1. Skipping prolines and chain starts, which residues have an amide H placed within reach, meaning under 5 Å, of the one on Trp61, given they are 5 or more residues away or on another chain?
2. Pop out the ³J(HN,Hα) list for segment 27-44 in order, Karplus 6.51 cos²θ - 1.76 cosθ + 1.60 with θ = phi - 60°, rounded to Hz; leave Gly and Pro as x.
3. Please arrange Ile89, Ile146 by how many other C-beta atoms lie within 10 Å of their C-beta, fewest to most.
4. Assuming a ≥ b ≥ c are the square roots of the Cα gyration tensor eigenvalues, decide whether segment 3-155 counts as rounded (a/c under 1.5), prolate (otherwise, with a/b larger than b/c) or oblate.
5. Using θ = phi - 60° and the Karplus relation 6.51 cos²θ - 1.76 cosθ + 1.60, list the HN-Hα couplings for segment 61-78 in order, rounded to whole Hz, with x at every Gly or Pro.
6. Under 8 Å for C-alpha pairs, at least 6 residues apart: give me the relative contact order for segment 3-155, rounded to a whole percent.
7. For segment 48-55, what does the Karplus curve 6.51 cos²θ - 1.76 cosθ + 1.60, with θ = phi - 60°, yield as ³J(HN,Hα) per residue in whole Hz, taken in order and with x for Gly and Pro?
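What follows is calculated from the coordinates using simple rules that are stated; it is not laboratory data. The structure displayed is predicted, hence computed values, not measured ones. Cβ coordinates were reconstructed from backbone atoms using ideal geometry, including for glycine residues, and neighbour counts include every protein chain displayed.
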Amino acid sequence: MSGWIQIVLVWCLPTSPMPVGVPAPFHFYCNVGYAVPDCRLKLRRLQDVLGSLNPAQLGEWTWILVRSEDWKPILRRVGRDPDSPAFTILASRQTFLEDALFDADPVRSRTLVERWRVPRDKLLAFAVAHELGHAVCAETDEANAIRYAEQLLGRGAAACARHVPGQGEKRGSDAR
């Protein structure tokens, strides 16, 4: 299922220095259509959020930003919920984030705020923490991932429901 993703990636823009707490094995990409300064700015914001969530236990992971105008068609094509602003593919250790999490498009922002019941200014952090909940706990259940996101945001760690050997290691299933 992840083969289509590699086709749309154009560049990786490493930003230095990385915020404290963001481990070196993280990779950051923007898909086609981003202007380089815009991509760099958004990747820095993502790295700042990750740095505040202590994701070191995750190990090597790839984070990919996708423009909102490309988001829904891509998610529909691969059978995902097009209204979700992020999803994780555990088996390939990749998390995808919609650009709407970074930019305040009034219509999309309202939809996301209403659906996820999270204030607009906290939506990016919540989405990243939610996806970390999927990744760190190898969790495919949405309700559990929401609970883990709240734990990550509140105390910096998630208490996974079951023992997960080598938390965050590869798993065969996907999460949204």
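1. Phe26, His27
2. Calculated HN-Hα couplings, in order: 10, 10, 9, 10, 7, 4, x, 7, 6, 4, x, 5, 4, 4, 4, 5, 5, 5 Hz.
3. In increasing order of surrounding Cβ atoms, one gets Ile146, Ile89.
4. Details: a/c = 1.22, a/b = 1.02, b/c = 1.20.
Because its axes are fairly even, with a/c under 1.5, segment 3-155 counts as rounded.
5. The phi angles translate into 8, 10, 10, 10, 9, 10, 4, 4, 5, 9, 4, 4, x, 5, 5, 5, 4, 9 Hz.
6. On the way: 199 pairs, mean separation 28.2, N = 153.
Answer for segment 3-155 is 18 percent.
7. After applying 6.51 cos²θ - 1.76 cosθ + 1.60, I find 4, 5, 4, x, 7, 9, 6, x Hz.
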